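Q: What follows is a single structure, and I will ask about it in a moment.
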Amino acid sequence: MSGNLGGWTGLIVLVVVLLLFGAPKLPALAKSLGQSLKIFKSEVRPTDSKDQEESSSKSKDQDSSSA
């Protein structure tokens, strides 16, 4: 379904967004969206690093127990 999104579809979506939110509100909307993504990324990254640390410590434990 997302393969059907082309240049005209994107242009139509942009026009609809402009009509719904109005030009003056778009910078504030973009700023809040950027802040939300920044917070989301900062919350996801520590989880990824913890998972990597746990998996590396598990592999070290398995290596020492098999020796």
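Q: What length, rounded to one decimal in nm, is gained on full extension from Glu43 through to Thr9, with 0.36 nm per residue of separation minus their alpha-carbon distance?
A: 8.9 nm
Q: Let me ask something else about it. Between Val17 and Leu33, what length comes free when the chain is fully extended (0.36 nm per residue of separation minus the Cα-Cα distance, one decimal in nm)?
A: Extra length from Val17 to Leu33 when fully extended: 4.3 nm.
Bear in mind these aren't lab numbers, they're just calculated from the coordinates by the rules spelled out. The structure presented is a predicted model; accordingly, all values stated were derived computationally and were not measured.
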